[in-house]
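Notes follow the structure.
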Amino acid sequence: MRVYLDNNATTIVDPHVFEDMVPYFCQMYGNPNSLHQFGSESHPALRKAMDQLYTGINARDEDDIVVTSCATESINWVIKGIYFDKIVNGDKNHIIVSEVEHPAVISACKFLEGLGVNVTYLPVNSDGVVEVHTLRDFITDKTALVSIMWANNETGMIFPIEEIGAICKEKGVLFHTDGVQAVGKIPVDVQKANVDFMSFSAHKFHGPKGVGGLYIRAGLTLSPLFHGGEHMGGRRSGTLNVPGIVGMGKAMELAVENLDFEKNNVMRLRNKLEDAIELIPETIIIGTKEQRVPNTILVSVKGIEGEAMLWDLNKNGIAASTGSACASEALESNPVMEAIGAEADLAHTALRLSLSRFTTEEEIDFTIEVLKNAVTRLRAISSTYAYAPEWHVSKL
Ligand code: C6P
């Protein structure tokens, strides 16, 4: 049996999404900016896709959703665009992010630090979530942007986005949220959350890879990252990825239709797996079930390096991860576990299991059996298990 439990890294393309994309590869392949019929015949599908995106996140007609190549691009665009608009050409010099943001946010901020920008990395509590009052304390009249994720990709913990949005609005500071792990898993309403910018990526909600988006509240300027033609109203140049946009629109529509399924069925299977893991001695799951997106578990299995566990699971056909896919080749300890205060050897024992609406009960039952056996076997041959430290975080 092959079981895919790495859905926070990427998801299977929903067959209905794929079906809608197919005609735009070999039949209606014209450049939508061309004036001939080959160009214009994709326009209705593009309009429909944009409507699906607007509806999916509750954007208003006057707001903008700009299609990009992925969330990494959207994130870099916001952070560097704000740098040009508010720091180079303005009087601000400060950005606030949480210390558990995705590397796309952290690396872009480190880059700006090299250019003289002050960046505050907000600490998180032992559940891996920022406490809202800390944000209030750090905002100054020099703050250009607050960027805090909607849900964390490793723990699945949901951040208090509405409260953060309200504080940013009250203080007159722009607010970007990385919505990558929230879209398609929980309701995402950019109006309710007072979001100014939101990044998302289609392949995290059963759409294709290579296409994402940036929501921009009406009236906000943002210097482009890509200069060129007048695509996307001049905000993001480059020939439109028609099949990708059509696929992302359909994927968004289906994701919203399936939110109840996520909340009930995906969560039920996730909880079944989680309950079984909790019965294995000396395992710690990060963050409360109630405050997590329905599909994610991040667990520390005492005495077992995450990579050893992955290898064992993989041998049995099960795909999981030790955390972010983009950091998994580095064999470093899990940075979110470190941020919540776990000692280094504990942060090496992270295992992330992430389900989707395509995960079946049979797959979860199989995973439970394999996981239990793997823990027994790996602990029996581990030279460090007997001496491994108890779970302890310094920030409780
Ligand atoms: N996280 C993970 O395994 P891209 O690669 O550009 O489509 O998405 C980047 C990204 C941004 N923000 C968050 C919260 C994310 O989870 C990701 C992608 C994957 O956790 C791959 S590193």
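The numbers here are math on the coordinates, done by the rules we state, and not lab data. Since the model is a prediction, treat every value here as computed from it, not as a measurement. A quick note on method: Cβ atoms are made from the backbone with ideal geometry, for glycine too, and the neighbour counts reach across all protein chains shown.
Can you give the FRET efficiency to the nearest 0.05 for residue 88 and residue 25, using r as the Cβ-Cβ distance and R₀ = 56 Å? The calculated FRET efficiency here is 0.85. The simple Förster model, with R0 at 45 Å and r as the Cβ-Cβ distance, assigns residue 171 and residue 332 a FRET efficiency of 0.80. Of all lysines in the structure, those lying under 16 Å Cα to Cα from residue 315, and not within fewer than 8 positions of it along the same chain, are 372. Under the simplified labelling scheme, the residue 311-residue 115 pair shows an inter-label distance of 4.3 nm, with each label point 7 Å from Cα along Cα→Cβ. Looking at the range 168-208, the trypsin sites (Lys or Arg not before Pro) that sit in a DSSP loop and have at most 14 other Cβ atoms within 10 Å of their own Cβ are 192. Taking the Kirkwood radius as Rh and the Cα radius of gyration as Rg, the range 165-288 has a ratio of Rg/Rh equal to 1.07. Taking Cα centre as origin and charging only the Cβ of basic (Lys, Arg, +1) and acidic (Asp, Glu, -1) residues, the dipole magnitude of the range 50-93 rounds to 280 debye.
Taking θ as phi - 60° and the Karplus parameters 6.51, -1.76 and 1.60, the scalar couplings of the range 124-134 work out to 10, 7, 6, 8, x, 10, 6, 9, 4, 5, 5 Hz in sequence order, x denoting glycine and proline.
Measuring max minus min along each principal axis, the C-alpha atoms of the range 227-376 give extents of 59, 33, 31 Å (largest first).
Along the range 162-178 the Karplus relation, 6.51 cos²θ - 1.76 cosθ + 1.60 evaluated at θ = phi - 60°, assigns HN-Hα couplings of 5, 5, 5, x, 5, 5, 4, 5, 4, 8, x, 10, 5, 10, 10, 10, 7 Hz to successive residues, with x for each Gly and Pro. Once each of the chymotrypsin sites (Phe, Trp or Tyr not before Pro) sitting in a DSSP loop with at most 16 other beta-carbon atoms within 10 Å is removed, the chain keeps 30-225 as its longest stretch. Taking amide H positions as modeled 1.01 Å from N, with prolines and chain starts lacking one, the residues under 5 Å from residue 322 and 5 or more places away or on another chain are 352. Of the GluC sites (Glu not before Pro) found in the range 127-178, the ones in coil according to DSSP and having at most 16 other Cβ atoms within 10 Å of their Cβ are 131.
Compactness ratio for the range 119-230: Cα radius of gyration over 2.2 N^0.38 Å (N = residue count) comes to 1.11.
Computed over the chain, the alpha-carbon pair-distance distribution with 10 angstrom bins reads 5, 23, 31, 24, 13, 4, 0, 0, each value a whole percent. DSSP beta bridges confined to the chain are antiparallel in about 55 percent of cases. Other residues within the sphere of radius under 14 Å centred on the Cβ of residue 105, judged by their own Cβ, net out at -4 (K and R +1, D and E -1).
Considering only 56, 116, 367, the residue lying farthest towards the positive end of the dipole of the chain is 116, judged by Cα position with unit charges set on Cβ.
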